[in-house]
1. Give the accessible area for residue 73 in Å² (nearest 10); use a 1.4 Å probe, count only protein heavy atoms, and leave out ligands, DNA and RNA.
2. At 7 Å along the Cα-to-beta-carbon direction for both residue 96 and residue 56, put a label point, then send me their distance in nm to one decimal.
3. Counting only protein chains, not ligands or nucleic acids, how are 50, 103, 119 ordered by accessible area (probe 1.4 Å), most first?
4. How much solvent-accessible surface does residue 89 expose, in Å² to the nearest 10, with a 1.4 Å probe and all protein chains in place?
Amino acid sequence: TAVENGWPFLATVHTSPFHFFSLTHAGAGVGKLITQWPEETLKRAGETLDISCYQNDSHQLAYMFWYQQPPGSGLKLVASTSLWLQKSYAEGYSEAKFEISRDNTELSVMTIKNVTRKDAATYFCAASDHTVSLGG
């Protein structure tokens, strides 16, 4: 059993459906749906968590993004992955901790390794045909 400060603890992780807009169409964007699972989970320190993200756009959106929102804080970009299997991590995040994969055009999985209290957050994913800056 993992112990922090002499006591075992659980980190609560939430995921949330996140609507996104495809900007590839002329005129207004077209809203699509993101599905994530699990919706909520408790993990002990040292455990691993997989969060899956499915996007239902038939246009094979090129980029999928992962975000973290710790309690009481704003949304933070963690990483992105593309159809070309390129991965980019925002400053302060690494593949050693937050491994992302994209096995097909619709599905991406983020694995959070060696969970700690600092990982307790709500996680979101999004998809687009356009990338965002991951610089610090």
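1. Around 50 Å² of this residue is reachable by solvent.
2. Once both label points are built, they end up 4.0 nm from each other.
3. Descending order: 103, 50, 119.
4. Spelled out: residue 89, probe radius 1.4 Å, area about 50 Å².
The values are calculated or read from the model by the stated rules, or taken from the named source; none is laboratory data. Just so it is clear, the structure is predicted and the values come from calculations on it, not from any experiment. Because the Cβ atoms are built from the backbone with ideal geometry, glycine has one as well, and the counts that use them run over all protein chains shown. Each accessible area value is taken on the protein alone, full model and side chains, heavy atoms only, with ligands, DNA and RNA left out. Shrake-Rupley method; radii C 1.70, N 1.55, O 1.52, S 1.80 Å.
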